[in-house]
Amino acid sequence: MRAFATLIWSLGISGWLPGCGGDGNEPVVPGGLPPAPPEMLRVVWQDGAFVPQTHGIWALAGTGAIAEIGPHGAVIYNTTRTGNLCWRDPAYNASTTAVAGLIGMYARWRGGMVFTDSPDGLQLHARPLAALPDACRTTGDGAPSPLATYDAVAALLLDFHSFAADYGIDWAARIARLRPQAAAAGSDAALAPVLDVLLGAPVDAHTSIGDENDSFTLGWRDDNAPQQTFRRLRHAWMQEAPATSFPAWLGVWHARQTQARLGLLRADARGIEFDGGLVWGVLDGNIGYLAIDRMGGFAGGPITDIEQDRARLAATLDAVLQRLGQTHALVLDLAFNQGGATQIAHDIAARFADRKRFAYTRALPQAAGIAPQRFHVEPGGAVRYAKPVVVLTSDVTVSAGEYLVLMMRTLPHAIQVGQTTQGALSGGFGKGLPNGWMMGIANHVTRDAAGV
């Protein structure tokens, strides 16, 4: 499933209660506990072991996740608000590297703990537990029934989907209506169409179910997405090549669009990088052009090593912006941007920033007592562009592409044109299901610098 192949998941954690004391000097602001200063963060895995300061059982506020950490390993559990369900999360328990994608860094903070995946990631506030909940201690190792997987999905939607009211969804009624079908399902294959109905009509690109091999997607996908552009593309597909799968046809269509964009650029000043993920050049009138269609996977395929991706993009942007430095203005084309890693969105915005500016906040609605975390755009990179920038967007600009738009909108020399973006800024709230499938949930609430 593309949402899991291209997004770096960030989870949050449940029921943080402020303790006494604290390690930082930042005052508690109205609205809840602030994040720890990034300079306090340390790596959890050192010299082949989790550092002693992280050992214990930690409830991670706003996600229902529990991390049980010992010297040589960690186990991540998923729990529900009612406390009657608990299972080991297969998405994070496969390896130490996977766990580090959730709790790779830590800091002692205000009598508790914060975990995060990176210095500039969303911080997960944690409180210690004396023991695992009963439901976690009794979780079995056998294969779960399809109904058990269904009940886990249902609980996660009820507990953590943050936009049911916005979309007019009554999850409780929909879950109850479909549960008899789930109970009758004799296998995961029979359960899949039930879950597909449960997650439809499509909500957004962050609410879906798939597997680690990207072999199927239940819920939101390009061939049922409601956006006008996707509807028009599906119409064109049916006219042109109905015998071909829509995703395969879409790849061919995108390659044609890439060549068409290249044809608009000066022959002596243009290029395609990352297998079509980035197109650059000079338009008539000495206007620069930079199209970025994804936020990662620059080594080919899905994101696997975010730091490697960032390094490759940095070297490319150095060269491209150097070539475009003599243009009068620049079009930053994000109309086809399909998202990826938010860190990369920050790296791109840094190339246009004039100074540090507050850009947006992210919050986990279920994390009571935790203040929204503030994120900024600030100058970075060896080569930057300070002339006027036009940011081109469409209704398929999504996820990390939208975070880049939020940051660019704070800059005085940038303006957004085109369509409104897709509206999937909820973050990749990822959960592994009991049967090994992966679920994404629209959970994080993002607000721009004005609080919208």
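The values are calculated or read from the model by the stated rules, or taken from the named source; none is laboratory data. For clarity, every value in this text was computed on a predicted model and none was experimentally measured. Every residue, glycine among them, receives a Cβ derived from its backbone with ideal geometry; neighbour counts consider all protein chains shown. Side chains are part of the model used for accessible areas, which takes the heavy atoms of the whole protein and leaves out ligands, DNA and RNA. Shrake-Rupley method; radii C 1.70, N 1.55, O 1.52, S 1.80 Å.
Observations on the model:
- Candidates are the residues of region 47-82 that are assigned to a loop (DSSP other than H, G, I, E, B), closer than 24 Å to Ala152 by Cβ and open to solvent by 40 Å² or more (accessible area, probe 1.4 Å); the one that is modelled with the highest pLDDT is Arg81.
- Residue check for Ala359: of a type in the set (A, V, I, L, M) and closer than 30 Å to Leu233 by Cβ: no
- Residue that is aliphatic (A, V, I, L, M) and not in a helix (DSSP H, G or I), where the choices are Val197, Val203, Val252: Val203
- Enumeration of residues in region 270-300 that are assigned to a loop (DSSP other than H, G, I, E, B), modelled with pLDDT of 95 or more, more than 17 Å from Ile348 (Cα to Cα) and not polar (S, T, N, Q): Asp284, Gly285
- Of residues in region 184-220 being free of Cβ contacts under 8 Å to residues at least 24 places away in the same chain, more than 14 Å from Pro146 (Cα to Cα) and out of contact with any Gly (no Cβ under 9 Å at 6 or more places or on another chain), the one most open to solvent (accessible area, probe 1.4 Å): Asn213
- In region 350-365, the residues that are under 18 Å from Arg323 (Cα atoms) and either touching a residue at least 60 places away in the same chain (Cβ under 8 Å) or open to solvent by 60 Å² or more (accessible area, probe 1.4 Å) (or both): Phe352
- Residue within region 256-265 that is outside any loop (DSSP other than H, G, I, E, B), free of Cβ contacts under 8 Å to residues at least 60 places away in the same chain and within 23 Å of Gly380 (Cα to Cα) present: no
- Filtering region 143-178 to residues that are charged (D, E, K, R) and open to solvent by 50 Å² or more (accessible area, probe 1.4 Å) leaves Asp166, Asp170, Arg177.
- Annotation note: of Asp166, Asp170, Asp151, the sole residue that is in contact (Cβ under 8 Å) with a residue 60 or more places away in the chain and within 28 Å of the chain's Cα centre (by Cα) is Asp151.
- Selected residue [under 23 Å from the mean Cα position of the chain (by Cα) and not polar (S, T, N, Q)] from Val396, Val389, Val331: Val396
- Selection status of Ala368, in a loop (DSSP other than H, G, I, E, B), touching a residue at least 12 places away in the same chain (Cβ under 8 Å) and open to solvent by less than 20 Å² (accessible area, probe 1.4 Å): no
- Residue count for region 334-358 under the criterion of being in a strand (DSSP E or B), over 17 Å from the mean Cα position of the chain (by Cα) and not basic (Lys, Arg): the result is 1.
- Which listed residue is out of contact with any Gly (no Cβ under 7 Å at 6 or more places or on another chain) and at pLDDT 95 or above, from Glu26, Glu39: Glu39
- Qualifying position, being in a helix (DSSP H, G or I), farther than 22 Å from Leu425 by Cα, modelled with pLDDT of 95 or more and of a type outside the set (Lys, Arg), among Leu233, Leu157: Leu233
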